[in-house]
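J.: My structure is below; once you've seen it, I'll send some questions.
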């Protein structure tokens with residue numbers, strides 16, 4: 001199977017891990033040799049309830065017995081999608097009330113950027129250096145990492161960049177700006193959290209000049225930081241919030257939410273301002289609804305803060321310079337990229353899955369399922385410490 005993988009399936013890097021997967025359950029993944037791996041990555045923050053959570057699997061099976069795709073997005077009333085968007089509205093602060101369901105986070109970013117332009121009548125977009133919002137052309141245009149973009153230019157015009165957490169740059173947001181798009185917590189840059197009321201100050205500037213604040217919650221969202229959405233830690237409400245990854249409990253989904261006033265701008269002039277065939281797919285919506293219900297009905301978000309503290313307590317070593325992030329969105333920042341590589345690959349040999357971040361070579365990703373137990377955290381951290389002790393700087 002591995003030979004066919006390299007022959008027929010397009011690769012994204014020259015050296016993928018190429019683990020042959022047999023099955024997965026809870027916090028564990030098993031390869032075709034039946035080796036067990038403890039998963040500290042959760043499909044890159046996507047499997048928020050672990051693998052094959054019963055509530056999600058049962059919701060999928062129930063929907064399979066009713067209907068699959070029946071019509072392009074937004075034409076027919078489909079129960080799972082309606083219930084999902086209604087529950088989201090109940091969990092979000094005013095005026096975030098109307099949700100557009102998409103197939104992925106990057107598609108939701110595209111929709112959010114279009115909405116900002118359509119509603120304001122402006123063209124300028126402002127994003128952050130070292131930002132990552134997806135890999136489609138619009139999302140790549142607001143990616144703050146030229147090395148990843150240069151081969152695909154020209155991209156969207158009239159995009160400008162500021163430094164995340166640099167207050168002086170906020171003045172670059174002007175009456176020409178349609179939207180400012182920021183990750184609530186910068187992911188690819190190394191899990192950098194906002195400081196000194198930064199997001200609140202950006203929102204105040206946007207309000208002053210008539211620009212819209214778009215917050216990308218694709219990775220922090222759905223309980224990963226200890227609240228349903230990361231921005232809820234920072235006393236700010238975006239004009240548009242974008243979500244994905246952990247929203248689907250392991251199924252492919254994205255969404256962007258705004259006020260009815262803003263969102264209705266996509267209905268007309270022109271009609272079909274943003275369209276998708278499979279967005280809001282009933283099976284995906286059912287899985288997302290089950291995921292959201294489990295997160296808000298349980299004490300997983302409260303546990304996330306305690307689990308963060310446990311990771312920070314257990315992972316102390318001279319090679320670990322700091323642990324960035326919030327909740328179960330954590331990254332070890334180590335002395336250099338070689339040590340990061342040795343940790344990730346060494347832990348894989350020991351049966352623990354870790355991963356890299358996009359733009360910070362010294363980072364080691366730790367984003368386990370929210371359902372991970374304290375005992376599993378201790379087990380995984382023991383493996384990390386074992387590998388660290390073997391590394392010679």
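J.: Please determine whether any residue of the stretch 259-277 is surrounded by fewer than 24 Cβ atoms within 10 Å (Cβ to Cβ), touching a residue at least 24 places away in the same chain (Cβ under 8 Å), over 14 Å from the mean Cα position of the chain (by Cα) and within 30 Å of residue 57 (Cβ to Cβ).
T.: For the stretch 259-277, residues surrounded by fewer than 24 Cβ atoms within 10 Å (Cβ to Cβ), touching a residue at least 24 places away in the same chain (Cβ under 8 Å), over 14 Å from the mean Cα position of the chain (by Cα) and within 30 Å of residue 57 (Cβ to Cβ): present.
J.: Take residues that are touching a strand residue (DSSP E or B) at 6+ places or on another chain (Cβ under 8 Å), modelled with pLDDT of 95 or more and farther than 22 Å from residue 133 by Cα and tell me which of the strands (runs of 3 or more DSSP E) falling wholly in the stretch 1-120 contain 1 or more.
T.: By residue number, 21-25, 28-31, 36-39.
J.: Find the residue count for the stretch 289-311, including only residues that are within 20 Å of the chain's Cα centre (by Cα) and free of Cβ contacts under 8 Å to residues at least 40 places away in the same chain.
T.: The qualifying residues number 0.
A quick yes/no check of all residues on (1) under 20 Å from residue 222 (Cβ atoms); (2) outside the structural domain of residue 226 (by TED's automatic domain parsing); (3) surrounded by fewer than 21 Cβ atoms within 10 Å (Cβ to Cβ):
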| site | (1), (2), (3) |
| --- | --- |
| 15 | no, yes, yes |
| 36 | no, yes, yes |
| 39 | yes, yes, no |
| 45 | yes, yes, no |
| 81 | yes, no, no |
| 100 | yes, no, no |
| 110 | no, no, no |
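J.: While we're on this one: Could you please find all residues in the stretch 170-206 being surrounded by fewer than 18 Cβ atoms within 10 Å (Cβ to Cβ) and in contact with a strand residue (DSSP E or B) (Cβ under 7 Å, 6 or more places away or on another chain)?
T.: If the condition is that a residue be surrounded by fewer than 18 Cβ atoms within 10 Å (Cβ to Cβ) and in contact with a strand residue (DSSP E or B) (Cβ under 7 Å, 6 or more places away or on another chain), then 172, 176 are the ones that fit.
The values are calculated or read from the model by the stated rules, or taken from the named source; none is laboratory data. What you see is a predicted model, and the numbers here were worked out from it, not measured in a lab. Here the Cβ is made from the backbone with ideal geometry for all residues, glycine too, and neighbour counts use every protein chain on show.
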